[in-house]
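Have a look at the structure below before the remarks.
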C-alpha cells in the first residue's frame, strides 16, 4: 500500500517546507498576548466596575481589589516598566479595603467619611472626561474623515460698466453747483431759456467726440439758471435715448456719449 503524501507545513521564499527545522529559535518576546489596553489605573478600575456591573457609588472593595491585583500581576510579568503607577493604585485600594475592615465606634459612624469617597469622586470625573473625549473623537475631522475639496475656476473677465443711478447724478450735480459759488452775483433779470435748444447744443458738442466728461457740458460762468436748463436737457436726452451716461466704477467720473439714431448702443 503506497504511503500517503506528506503535506507541506509552510512555504518560505516559494519553497515548500515539509518539517520543522531543528535549529529554529523563537525569542520569547516574539509571541505576546495582549489583553485589554488601558490608559491608566483609573481606566482599568472603571473597566472592571462596568464589566461586572458594580455600582460606582457603592464599590465592593474586596472584589474590586482582587480583580485589580490579578491584572497588575499579569502586567508585572509582561510589562514591568509600565506597572509603577498601577502598583501605586493597588496600594491605595489595599489601604481603602483595610480601613473598611477596621471596626468603627458607634458614635463616630455618622461623622466618619467613607474611605471610598475620594476614589468614587476620581472615577466619576474620569468617566465624564472619557465620555467627552469619545464624543469629540466621533466628530468629523479634516484629514481623517474628509478632505477639503479644492477647485480652480477660470474667471472670464467681462467688462460691465456700472449703471448710473439718481444718486450718482445728484452727486455730480452738487459738485457743479459748488463750483458756481465763486461766480455768484445778484443781478436780477428775466431770461428765456429753452431746454430743446440746449439739447441741440449738447448733441452738436458731442458730435465729434467719443466720450465727454459730465462737467464739461456745463458753463459755470453762465449762472445757475443756465446750469439747471443744461442739466434738464441732459436728462431729457437720456430719456429719449439720444445720449448714454456711464462711469467706470462707483464714485468715478461720469461720462456722456452721443448715441447715433439707428445704431444699437
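Computed quantities for the displayed model
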read-out	value
Condition broken by residue 240, with the remaining ones in (1) modelled with pLDDT of 85 or more; (2) surrounded by 14 or more Cβ atoms within 10 Å (Cβ to Cβ); (3) out of contact with any strand residue (DSSP E or B) (no Cβ under 8 Å at 6 or more places or on another chain) satisfied	(2)
Count - residues of region 210-244 that are touching a residue at least 24 places away in the same chain (Cβ under 8 Å), under 16 Å from residue 196 (Cβ atoms) and not in a helix (DSSP H, G or I)	2
Scope region 136-169; condition surrounded by 10 or more Cβ atoms within 10 Å (Cβ to Cβ) and modelled with pLDDT of 70 or more; matching residues	141, 164, 168, 169
Residue that is farther than 21 Å from residue 128 by Cβ, surrounded by fewer than 16 Cβ atoms within 10 Å (Cβ to Cβ) and modelled with pLDDT of 80 or more, where the choices are 91, 30, 84	91
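The values are calculated or read from the model by the stated rules, or taken from the named source; none is laboratory data. As the structure is a prediction and not an experimental result, all values here were calculated from the model. Note that we place each Cβ from the backbone using ideal geometry, even for glycine, and neighbour counts take in every protein chain shown.
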